[in-house]
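The values are calculated or read from the model by the stated rules, or taken from the named source; none is laboratory data. No experiment lies behind these values; they were computed from the predicted model shown. All Cβ positions, glycine included, derive from the backbone under ideal geometry; neighbour counts span all protein chains shown. Each accessible area value is taken on the protein alone, full model and side chains, heavy atoms only, with ligands, DNA and RNA left out. Shrake-Rupley method; radii C 1.70, N 1.55, O 1.52, S 1.80 Å.
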Amino acid sequence: MKPEAHETPPVLRVENAGKVFRDFWRRPRIRAVQDLSFEVRPGEVFGLLGPNGSGKSTTLKMIVGLLRPTEGRLHVLGAPPTDVSRKARIGYLPEDSYLYPYLTCEETLDFFGSLFRLPRAERRARTAQLLDMIGLRHARRRPVGEFSKGMARRIGLAQALINDPDLIILDEPTSGLDPLGCRQVKDLILTLARRGKAVLLSSHLLADIEDVCDRIAILFNGRLQAIGSIRDLLEERDRPRVTLPAVTPEQLRAILAALKAQLGREPELDYPRRNLERFFLETVARAMNQDTEPSGAAPSEGVAPYLDGPPHA
Amino acid sequence: MRKVWAIAKLTLRGAMRSRVAPLLFGLLVAVIVGLPLTIRGDGTLSGEVQILVRYTLGLAMLILSLAALWAGCASVSLEWQSKKLQLVATKPLHPFELWLGKWLGLVLLNAVLLAVAGSVTAALLRWRLREPLADPARRGELLADILVARRPLAPEPVDVDAAALARLEQARGLGRLPPDVSPGAAFEAFRQALRTEAFSVAPGGARSWRYPQPGPLDPGHPLSLRFRFSCSTPGPVRVAGAWVVRRGDADVRVDTNAVATTPHVLHVPLRDLPQEGALTVEYRNTDSEAVTVLFSPDDGLETLARAGSFGPNYARGLLLLFGQLALLAALGITAGSLFSMPVAAFVSGFVLLMIQMAGDLASLTARPITLVSHHGDALIGPRAAVFFQWVFRLLGSVASPLQVPDALGRLTTGILVSWAETGRVLLTHGLIYPILLAGLAAWIMRRREMALAG
């Protein structure tokens, strides 16, 4: 998040929000969210973390107006979540994609584009760019109902971006995606944030959150357990780590000896290694160069140009 | 409008690709082509036209009606239950636009299917009447009696209320009113008796129907008198009589020797009558036997003047049916917006039943509702009776405007379906009531939580 983002007004403000689900006789049945407060500002990637049933999806549904809070208030782009006009600036990917199975990829994106009153030419251009971005151009005439979960997820993500939204709400965006797709989604989220978009995402995949989020909130049983920036929450300031350039064994022994003399005890020695994600991506990239006919999702051709414009002022 | 059209296109695509529309298309064509082959008529051309238009097109309309109602319910309710509407609801789309798009899609689909059903029926009708298969004489009768648009003339009403009241007072004065008969029931009995007297023709007597404003009458086409009577002699006896049609100083007389209890059609030429003035149709009982002829006060005589050809009338009839389908789709979508399946289907079916019963409901509201046991004890109190009267009055007033002329019945009897009626039905069924239903559905949808289970 850019430093100046703290001065800009929040795109989303949740104030002491709560949600109680009631039964047919209006008796309280489940208290899904309690006294939840947080803000998301432009250019910020905010993550909602928590185990299953912790209230993440309920919170997102209250923000997009699918559920009404029973306590507290929500302001989305300066208006209540039910304000229809504000929805033109929101992109939402639900936990399941909920697409019309009889529509093709192109028709799906065209349909959702029409709901934002985009002109026909603009819809076509954005649809083509999004299909390139999610690697499904070759499957653009296939009905969505024939897709695997991961491919449907990609289309779901594309529909959430068809309107170039200012606030992007993603519920488990990498669910069902392969590691390549996960990386592409994470890169996309970072690109969107650089353009000044506010991104709110929920996930129980900690690595995804850690990779992209500026700030996080952890929920359990509908209650906020922790909130703050990734750095503030995770950094162990009393255990600094020093990364050395390439050194000879003799130089290393000398450095360790000096450190031991200074600290009064043996320092820990560790060798960094590539993470599994990077290794996987490199391996798949090599394989892709040898095979040109994808049956599922093809390699992404980068972020859709209309989403990758200059950063917002 | 772009958003509405997007929803409409989505609805049409859903119907096409889920194979609902192709299935309906095939079913309609099969019914229209197959039913006349399986039903044996009375061997006459008019019987075949009855089968083609009334039964075949009627069955096609029944299929389309059920499909419109069901598809309307399902188009919202099932999408809500499968959570697809959740995603749509997060877009800048007002519930009214969603409703309108769904309705527009279904109305377009129904319009196409009804046009197909109507066109295939018309083509079969044309094929059946082609030369030289059809007997020219019967064909001529068919063209004069059925494949035509005729306007029923409205006779001057017979008011017997004052006379019935006088008889009631007289009976009361003479103490002849039985104690167990209420004054209302006695009045109704006197009224019916007087009406029957007014429409009976004694031997050597005559009975006239007066049409003060018959409207323009085409002298090139005859006036049709459609009549049926019973007589004081039981059985299907022949009765000699004469019909006299009079306008101004001129009249035309046609003698008949018609069988009682059987429907008859008589064509009276109009070319010798003046173009203006009130019209009188008179029946003279000229039978040599002492037979009294009794006409039904309601439909003993129908006087029909030609108002156009069959083709445009058929088209207007289809438009009436289309209006009904538009309302059914609206009803279904609204029920689907409020309830989950199959509750939505049952609720919309119940509302449809109420609309069908609107005429009966209206008659029930004339006086407070009474429920009496077989011992004669009142089962509900006077307050409850008034309450039910008002409930029925309210239901009747909501549903009464939705009463539709029997389009198929008229087409098979050569009766005009007027532009005024067509316009009224299209206005109420295709605009006013759908807007009211859309407003109700949008109001409810704005207040409901879309993410809750359907």
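Summary table
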quantity	calculated
J(HN,Hα) series, the range B:156-161, from Karplus relation 6.51 cos²θ - 1.76 cosθ + 1.60, nearest Hz, glycine and proline x	4, x, 9, 9, 10, 5
Mean-position separation - Cα centroids, the range A:133-164 and the range B:91-166, in angstrom	47
Rounded to the nearest 10 Å², the accessible area of B:LEU165 at probe 1.4 Å	90
Pairs beyond 27 Å (Cα-Cα), from A:LYS19/B:LYS102; A:LYS197/B:LYS102; A:LYS56/B:LYS9; A:LYS61/B:LYS3	A:LYS19/B:LYS102; A:LYS197/B:LYS102; A:LYS56/B:LYS9
Amide H within-cut-off set for A:THR104, under 5 Å, with H built and near neighbours excluded	A:VAL144
Positions from the range A:53-75 whose accessible area shrinks by 20 Å² or more when the full protein complex is built, not the chain alone, probe 1.4 Å	A:LYS61, A:LEU66, A:LEU67, A:ARG68
With Cα atoms, 0 to 90° folded angle of helix A:120-134 axis to chain A main axis	30
Surface accessible to a 1.4 Å probe, A:GLU250 within the full protein complex, Å²	110
Most fluctuating residue given options A:ARG22, A:ARG237, A:ARG273, as computed from a GNM of chain A linking Cα atoms under 10 Å	A:ARG273
In Hz, Karplus ³J(HN,Hα) per residue of the range A:227-240 (6.51, -1.76, 1.60; θ = phi - 60°; x = Gly, Pro)	8, x, 6, 4, 4, 4, 7, 9, 5, 9, 6, 8, 10, x
Drop in accessible area of at least 20 Å² in the complex versus isolated chain, residues of the range A:98-133, 1.4 Å probe	A:TYR98, A:TYR100, A:TYR102, A:LEU103, A:GLU107, A:PHE111, A:PHE112, A:SER114, A:LEU115, A:PHE116, A:ARG117
Contact order normalised by residue count of chain A, Cα under 8 Å, 6+ apart, percent	24
Mean separation of Cα contacts under 8 Å (6+ apart) over length of chain B, as relative contact order %	23
Charged-residue dipole, Cβ positions (Lys, Arg, Asp, Glu), the protein assembly as shown about Cα centre, Debye nearest 20	780
Average accessible area per residue (Å²) across the range B:161-307 - probe 1.4 Å, nucleic acids and ligands excluded	53
The range B:166-171 - phi-based ³J(HN,Hα) in whole Hz, Karplus 6.51/-1.76/1.60, Gly and Pro as x	4, 5, 5, 4, 5, 5
Size of charge dipole - chain B - debye, nearest 20, with Cβ of Lys, Arg +1 and Asp, Glu -1, no other charges	2060
Chain-alone versus full-assembly comparison, the range B:1-48, residues with accessible loss of at least 50 Å² (1.4 Å probe)	B:ARG2, B:LYS3, B:LEU10, B:ARG13, B:ARG17
Value of relative contact order over the range B:161-307, rounded to a whole percent, pairs C-alpha under 8 Å and six or more apart	33
Percent of beta bridges antiparallel (DSSP, the protein assembly as shown, rounded to nearest 5)	75
Heavy-atom surface of chain A, accessible at 1.4 Å and reported per residue (Å²)	53
Amide H partners (placed H, <5 Å) of A:VAL11, local residues excluded	A:VAL40, A:ARG41
Percent accessible area from carbon and sulfur atoms, chain B, protein chains only, probe 1.4 Å	63
Counting DSSP beta bridges with both ends in the range A:116-241, the antiparallel % (nearest 5)	55
Surface per residue (accessible, 1.4 Å probe) for the range B:22-113, Å²	39
Principal-axis tilt of helix B:433-447 within chain B, Cα atoms, nearest 10 degrees	30
Heavy atoms of B:TRP5 accessible to a 1.4 Å probe, total area in Å² rounded to 10	120
Cα-Cα P(r), chain B, percent of pairs per 20 Å interval	19, 42, 32, 7, 0
Accessible area that becomes buried as B packs against A, both chains, 1.4 Å probe, Å², nearest 100	2900
Interchain or long-range residues, amide H under 5 Å from B:VAL291's placed H	none
Global form of the protein assembly as shown, assessed from the alpha-carbon gyration tensor, a/c cut-off 1.5	prolate
Fluctuation leader among A:PRO119, A:PRO69, A:PRO267 - chain A, Gaussian network, Cα springs under 10 angstrom	A:PRO267
Listed residues A:PHE220, B:PHE295, B:PHE322 arranged by accessible area, highest first, probe 1.4 Å	A:PHE220, B:PHE322, B:PHE295
Distribution of pairwise C-alpha distances over the range B:161-307, 10 Å bins, in %	11, 34, 27, 20, 8, 2
Rounded percent of accessible protein surface that carbon and sulfur make up, the range A:177-264, 1.4 Å probe	55
Overall form of chain A per C-alpha gyration tensor (a/c, 1.5; a/b vs b/c)	oblate
Positive-pole candidate from B:VAL112, B:ALA345, B:TRP443, dipole of the protein assembly as shown, charges at beta carbon	B:TRP443
Within a Gaussian network of chain A (alpha carbon springs, distance under 10 Å), most fluctuating of A:PRO28, A:PRO94, A:PRO240	A:PRO240
DSSP-defined beta bridges in chain A - what % are antiparallel, rounded to 5	55
The range A:10-144, accessible surface, carbon-and-sulfur percent (1.4 angstrom probe)	48
Shape category assigned to the range A:157-308 from the gyration tensor of Cα positions, a/c cut at 1.5	oblate
